[in-house]
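Visitor: Got a structure here, written out as structure tokens. Questions coming.
The values are calculated or read from the model by the stated rules, or taken from the named source; none is laboratory data. Please read these numbers as outputs of a predicted model, since none were measured by experiment. Cβ atoms come from the backbone with ideal geometry, glycine included; neighbour counts cover every protein chain shown.
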Amino acid sequence: MTRLSININKVALMRNARGGNIPSVETFAKHLMEFNVDGITVHPRPDARHIRWSDVEMLKQIMKDYHGELNIEGYPTDDFVQFVCDIQPEQCTLVPDAPDQLTSNHGWDVVSHRDYLKQVTLKLHTYGIRVSLFMDADASKYDGLQDIGVDAVEIYTGPYAEYFVNEGEGALVKLSEAVDRLRNLNLSIHAGHDLNLQNLGPLIKAYSDIKEVSIGQAFVADCLYYGLENTHGLYKRAIAMI
């Protein structure tokens, strides 16, 4: 079954907006693991506007205690890569974000960044960390992926989610070439960005070999309506409806 990794950046954003420790990132993460979530994703940014590196250290210990997977996202500066190596999460997802970018909204240009991405991937692999690249759903941009040596590609599903609002399941065809190409490259297929209870189920039904989805904004928002345990159950059922 497709793994569900919950991005908890928005929990940290709420905490930081007021100061103090409400809501508690630690408590939220522990509850997720008690409800048997598959893993947790964080994207620490240079301005520390939500997740802080001290949070990441704490989350790594929680994942160890509960046998879950920690996925750290970010732009691979030297400092970022070294900290990830120090933490040793199960997975690192490399994203091409500018330091002041509000959210991830495009994938890598592999041709232009191939040498550096290969160097970073090799270093992360020496620490036993799986590497995923955040990529647009455009198969023409996947040339060179095998040279880099990554383990997975996370398909940027923002456009899919936008098309889904008006086109429904007709939006799925826009992902087909990308998924087919990744299958042929024998890379693990992940998906993330703007996935929610409406568009997640159809995505997994159409492409059941998607190994992992990362969901944050919609999940945290749904927690406000349904509560944490119920929300987790709704998302797991959406994934299982294939």
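Visitor: Any idea how many residues of the range 54-65 are surrounded by 16 or more Cβ atoms within 10 Å (Cβ to Cβ) and over 16 Å from residue 91 (Cβ atoms)?
Guide: Taking the range 54-65 first, the residues surrounded by 16 or more Cβ atoms within 10 Å (Cβ to Cβ) are 55-56, 59-60, 62-63.
Then drop every residue that is not over 16 Å from residue 91 (Cβ atoms), which leaves 55.
Number satisfying all stated conditions: 1.
Visitor: Return only the number of the condition from (1) in contact with a strand residue (DSSP E or B) (Cβ under 6 Å, 6 or more places away or on another chain); (2) surrounded by fewer than 21 Cβ atoms within 10 Å (Cβ to Cβ) that residue 48 does not satisfy.
Guide: Answer for residue 48: the failing condition is (1).
Visitor: Identify, from the list 144, 128, 168, the residue that is surrounded by fewer than 18 Cβ atoms within 10 Å (Cβ to Cβ) and within 19 Å of the chain's Cα centre (by Cα). Steps first, please.
Guide: Working: 144 fails: within 19 Å of the chain's Cα centre (by Cα); 168 fails: within 19 Å of the chain's Cα centre (by Cα).
Checking each option against the conditions leaves just 128.
Visitor: When you look at residue 12, is it among the aliphatic types (A, V, I, L, M) and either modelled with pLDDT of 95 or more or surrounded by 15 or more Cβ atoms within 10 Å (Cβ to Cβ) (or both), yes or no? It would help to see each step written out before you state the result.
Guide: Values: among the aliphatic types (A, V, I, L, M): yes; either modelled with pLDDT of 95 or more or surrounded by 15 or more Cβ atoms within 10 Å (Cβ to Cβ) (or both): yes.
For residue 12, the condition - among the aliphatic types (A, V, I, L, M) and either modelled with pLDDT of 95 or more or surrounded by 15 or more Cβ atoms within 10 Å (Cβ to Cβ) (or both) - is met.
Visitor: When only residues in the range 101-122 that are more than 18 Å from residue 177 (Cβ to Cβ) and crowded, with 17+ Cβ neighbours inside 10 Å count, which is farthest from the chain's Cα centre (by Cα)?
Guide: 113
Visitor: Here's a follow-up. Of all residues in the range 171-202 being surrounded by 13 or more Cβ atoms within 10 Å (Cβ to Cβ) and among the charged types (D, E, K, R), which is nearest to residue 220 (Cα to Cα)?
Guide: First pass over the range 171-202, keeping only residues surrounded by 13 or more Cβ atoms within 10 Å (Cβ to Cβ): 171-172, 174-179, 181-182, 185, 187-202.
Remaining after also requiring among the charged types (D, E, K, R): 174, 177, 181, 194.
Working: 174: 27, 177: 31, 181: 32, 194: 12 Å.
Step by step, filter the range 171-202, then rank; the result is 194.
Visitor: Any residue at all in the range 84-96 that is of a type in the set (Asp, Glu), in contact (Cβ under 8 Å) with a residue 12 or more places away in the chain and in contact with a Leu (Cβ under 7 Å, 6 or more places away or on another chain)?
Guide: Going through the range 84-96, the residues of a type in the set (Asp, Glu) turn out to be 86, 90.
Imposing the further condition that a residue be in contact (Cβ under 8 Å) with a residue 12 or more places away in the chain reduces the set to 90.
With the extra rule that they be in contact with a Leu (Cβ under 7 Å, 6 or more places away or on another chain), the set shrinks to 90.
Yes, because at least one residue in the range 84-96 is of a type in the set (Asp, Glu), in contact (Cβ under 8 Å) with a residue 12 or more places away in the chain and in contact with a Leu (Cβ under 7 Å, 6 or more places away or on another chain).
Visitor: Is it true that residue 126 is at pLDDT 95 or above, polar (S, T, N, Q) and over 24 Å from residue 2 (Cα atoms)? Reasoning before the result, please.
Guide: Details: at pLDDT 95 or above: yes; polar (S, T, N, Q): yes; over 24 Å from residue 2 (Cα atoms): yes.
When the stated conditions are applied, residue 126 passes them.
Visitor: Scan the range 15-38 for residues that are under 22 Å from residue 83 (Cβ atoms) and crowded, with 22+ Cβ neighbours inside 10 Å and jot them down.
Guide: If the condition is that a residue be under 22 Å from residue 83 (Cβ atoms) and crowded, with 22+ Cβ neighbours inside 10 Å, then 25, 29 are the ones that fit.
Visitor: Right, something else. Pick out, from the range 1-95, the helices (runs of 4 or more DSSP H) lying fully within it that include 1 or more residues that are farther than 23 Å from residue 200 by Cβ and among the basic types (Lys, Arg). Steps first, please.
Guide: Working: elements: 9-18, 25-34, 53-66, 78-87.
In the range 1-95, 9-18, 25-34, 53-66 are the helices (runs of 4 or more DSSP H) which contain 1 or more residues that are farther than 23 Å from residue 200 by Cβ and among the basic types (Lys, Arg).
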